[in-house]
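Accompanying notes for the structure given below.
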Amino acid sequence: VQLVESGGGLVQPGSSLRLSCATSGLTFSAYLMGWFRQAPGKERELVSLIGRSGNTYYADSAKGRFTISRDNDKDTAYLQMNSLKVEDTAVYYCAARSSGKTEFDYWGQGTQVTVSS
């Protein structure tokens, strides 16, 4: 099983980025997908979730600015991030969780997002 994030980069405040999480080796449609982030010196935090049926959850820090989505035909999850702030700077990870589990089964290697003027 592989989860590969892409789309990170260095952007200015107010900019947008679209992160992708391409998966392989799992039945993507059967998994809840999540995006997490970890800033330097801080604990990893949940950003957003998308269930198998497309229901979504956003952390307060992401509400109104980020949009999570999934394409079950492409086995890929996305995180559209708009109006980026300096405090969004972190390594962003995607993760997959199978039904009935409380812990995530698989994690990607992360992609760096840096928001700086």
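The values are calculated or read from the model by the stated rules, or taken from the named source; none is laboratory data. Because the structure is a prediction, the values reported are computed rather than measured. Backbone-built Cβ (ideal geometry, glycine too); neighbour counts: all protein chains shown. All accessible areas refer to the heavy atoms of the entire protein, side chains included, with ligands and DNA or RNA removed. Shrake-Rupley method; radii C 1.70, N 1.55, O 1.52, S 1.80 Å.
I want the local charge near N82. Using Cβ-Cβ distances under 10 Å, sum +1 for each Lys or Arg and -1 for each Asp or Glu among the other residues. Don't skip to the end; give the middle numbers.
Details: positive: R18, R65; negative: none.
Overall, the nearby charge balance is +2.
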Quiz prompt | Per-residue HN-Hα couplings for the stretch 59-67 [Karplus 6.51, -1.76, 1.60; θ = phi - 60°; Hz; x = Gly/Pro] | solution = 5, 4, 5, 9, 4, x, 10, 10, 9
Exercise. List, in order, the whole-Hz ³J(HN,Hα) value for each residue of the stretch 29-39 obtained from phi through the Karplus relation with A = 6.51, B = -1.76, C = 1.60 and θ = phi - 60°; use x for Gly and Pro.
Key: 5, 8, 10, 6, 10, x, 10, 10, 9, 9, 8
Quiz item: Hey, if we sort T23, T56 by accessible area with the 1.4 Å probe, largest down, what's the order?
Solution: T56, T23
Quiz prompt | Stokes-Einstein translational diffusion, the stretch 78-117 - Kirkwood Rh over all Cα pairs, 1.002 mPa s, 20 °C, in µm²/s | solution = 179 µm²/s
Quiz item: Sorted from largest down, what three extents in whole angstroms do the Cα atoms of the chain have along their principal axes?
Solution: 41, 26, 23
Exercise. Please report the relative contact order for the chain, taking Cα pairs under 8 Å with a sequence separation of at least 6, and give it as a percent rounded to a whole number.
Key: 36 percent
Quiz item: Q2 versus E43, label points 7 Å from Cα toward the beta carbon: distance in nm?
Solution: 3.3 nm
Quiz prompt | Neighbourhood net charge (11 Å Cβ-Cβ; Lys/Arg +1, Asp/Glu -1) for T27 | solution = 0
Practice problem: Using label points projected 7 Å from each Cα along Cα→Cβ, tell me how many nm separate K101 and T56, to one decimal. | Solution: 2.4 nm
Quiz item: What residues have an amide H closer than 5 Å to that of S15, excluding those fewer than 5 places away on the same chain, when H is modeled at 1.01 Å from N in the peptide plane?
Solution: L84
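Which of the GluC sites (Glu not before Pro) found in the stretch 1-80 are in a DSSP loop and have at most 14 neighbouring Cβ atoms, other than their own, within 10 Å?
E43
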Quiz prompt | the stretch 81-99 versus the stretch 1-25: alpha-carbon centroid distance in Å | solution = 8 Å
Quiz item: Quick one: accessible area per residue over the chain, 1.4 Å probe, rounded to a whole number of Å²?
Solution: 52 Å²
Quiz item: Between the DSSP loop rule and a limit of at most 15 other Cβ atoms within 10 Å, which trypsin sites (Lys or Arg not before Pro) in the stretch 61-117 are left?
Solution: K63, R65, K74, K85, K101
